[in-house]
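Report on the structure given below.
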C-alpha cells in the first residue's frame, strides 16, 4: 500500500530510541528521508525540519492486531477511514481488522476492498484478516488460499469460535500451508448460551444481578482442544483477547512444549473486573466478559513471565442506541484504539510488571511477527519510517467526546492517565500530532 510523502525529510532529535528487534535503547536522533529511515545516531547538523523528541520515546510504529472497523455493512458504527483516524490518534501506524463485517470478509474481493478503502483514507496501514469459514458460519472453509494471495494477514472467525473440531482441524492444516496464523475467539458456544447468550462472567455475582453467565471453562475448552488439534499440524495459533487464569496456564504449558501458540491481552481485562458490571452500565459488557481479580492477576503474571506476548485492543465500536439497550440485550464491546497506550502503561509499566522495551515489543514487533508483517515493528536504517513518538510523562484525562472514532462506547471515560502518543508517523509522513506537543 503506497503512502504519500508530503514531508520528504524530517529529523527526530534527542529521543530515547527503542527498537525491540535489535535491543537498541539509547538517546539518538532519527533522520527520515523519502519515507524511509536514513540514519539513527548522533546527527550534528540536521538538514530540513526537526521534531524535538528530548524526554520522549521514539519507537517502531505501534501495531494493533485486533480491531473491528465495521465496514462493510455497519458504517454507522465505524468506517475504515474513521477507524484509521482513531488509530493514528492512539499512536498506531498499522492495524489488523477483523472479518466479522456484514457481509463477512470471506473472499479475495473483500480483502482487496479493505486495502482500497485504507489507501483512500491514507492515514495508517490497514491489514485485513480473512474469515476461516464462509460467512463465519463455522461449517465450510472459506477461500483461504485466494484470500492469502490477496493479502489476508491471518484467519479468524472472530466474534465466534470455530465450534466444529473437524472444521478447525482442516482450517489449521490449510492455513499452515499459507504461512499465516489462525486467530481464535475461544468460547465453546454451547456453554455461553444461544442467541444473545450470557451477558457477563458466570458466577455468584451474575446470579445476584439476574444475568446469564459465560463461564471461564468455555474459553479453556476451546484453547485446550485447539492446542491438541494443532499438535501434529504446527500452524501458528493465536488466542485472541484472553481472559481466564486457566487459559493462561494452557498457553504456558503449550509454549513450554515449543508449540507455536501465542496469546493476546486487552486493556480492559487487565484493569477491570466483573464487579464493574454491578451498575448494569453496558460499557462494561464485552466478550469475553470481564472476569475476577484472580483472572486479572493471572493475566498480569502471564505477561510478566513471557507466556503472553501480544497486546491488542479488540476495538469494538457500537452506536449510542445499541449501547443504551438493557444489559442482557446490548452488544458486547468497547473502543480501544485511542486510549490503549496509557491504559497499558497504567496496568503494566507503572506497577513495574514490564519495562518500556518490553511494552514496545508487545505492541509492535510481536504483533508484526504474528501477522507476518516483516517490514513492520522495527526501527532500522533503510526501513519504512513508521514511527510512534510517546511522551511518557504527560498527564491527561480520557475524554470520549474528543475521540476520532464514530462511536463513544468506552468505560474509561474520565480516567486520569499518564503517557500519550504525541506523533504518529507513517511512511515518513506525520499523520497525527497532538495539539499540545
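We did not get these values from a lab; they are worked out from the coordinates using the rules stated. All figures in this text were calculated on a predicted structure; none of them were measured in a lab. Because the Cβ atoms are built from the backbone with ideal geometry, glycine has one as well, and the counts that use them run over all protein chains shown.
Ordering 50, 82 by the number of other Cβ atoms within 10 Å of each residue's own Cβ, fewest first, gives 50, 82. Calculated on the alpha-carbon coordinates, the convex hull of the range 365-417 measures out at 145 cubic angstrom per residue.
With a Förster radius of 56 Å applied to the C-beta separation of residue 249 and residue 39, the computed FRET efficiency comes to 0.75.
Label-to-label distance for residue 50 and residue 435 is 2.8 nm, based on points extended 7 Å past Cα in the beta-carbon direction. For the residues 273, 244, 47, a GNM of the chain with alpha-carbon springs under 10 Å puts the largest fluctuation on 47. Using only Cα atoms and rounding to the nearest 10 degrees, what angle (0 to 90) does helix 293-304 make with the longest principal axis of the chain? With both axes taken from Cα atoms, the answer is about 40 degrees. Antiparallel as a % of all DSSP beta bridges within the range 61-370, to the nearest 5? In the range 61-370, DSSP labels about 5 percent of beta bridges as antiparallel.
Given a 10 angstrom Cα cut-off, can you work out which residue in 86, 38, 421 is the most mobile in a GNM of the chain? Per the Cα network of the chain with a 10 Å cutoff, 38 tops the list. I'd like the orientation of helix 108-121 relative to the chain: the angle between its Cα long axis and the longest Cα principal axis, in ° from 0 to 90, rounded to 10. Tilt of helix 108-121: around 40 degrees. Cα centroid separation, the range 365-379 to the range 32-84: 14 Å. Testing the spin-label approximation: label points 7 Å from Cα along Cα→Cβ at residue 374 and residue 76. State their distance in nm. Each label point lies 7 Å from its Cα, and together they span 4.5 nm. Note on the chain: helix-only mean residue ellipticity at 222 nm, from DSSP H runs of 4+ residues weighted -39500 (n - 2.57) and normalised by residue number, equals -7000 deg cm²/dmol.
Extension gain for the segment residue 301 to residue 135, taken as residue separation times 0.36 nm less the Cα-Cα distance, is 56.1 nm to one decimal.
The angle between the Cα long axis of helix 80-89 and the main principal axis of the chain comes to about 60°, on a 0 to 90 degree scale. For the pair residue 120 and residue 208, a Förster radius of 45 Å applied to the C-beta separation gives a FRET efficiency near 0.35, rounded to the nearest 0.05.
The packing ranking of peptides 52-63, 131-142, highest mean first, is 52-63, 131-142, where packing means the average number of other beta carbon atoms within 10 angstrom of each residue.
Cβ-Cβ distance of residue 164 and residue 294, R₀ of 41 Å, FRET efficiency by 1/(1 + (r/R0)^6): the value works out to about 0.85.
If you take the square roots of the eigenvalues of the alpha-carbon gyration tensor of the range 211-259 and sort them as a ≥ b ≥ c, do you get rounded (a/c under 1.5), prolate (a/b over b/c) or oblate? Because a/c hits 1.5 or more and a/b exceeds b/c, the range 211-259 counts as prolate.
Between residue 257 and residue 279, residue separation times 0.36 nm minus the direct Cα-Cα distance comes to 3.6 nm. Could you please rank 12, 272, placing first whichever residue has the fewest other Cβ atoms within 10 Å of its Cβ? Ordered by Cβ neighbours within 10 Å, fewest first: 272, 12. Each of residue 320 and residue 393 was given a label point 7 Å from its Cα along the Cα-to-Cβ line. The distance between the two points is 3.9 nm. When each of 329, 39 is scored by the number of other beta-carbon atoms lying within 10 Å, the sequence from fewest to most is 329, 39. Summary value for the range 61-370: 17 percent relative contact order, contacts being C-alpha pairs under 8 angstrom separated by 6+ residues.
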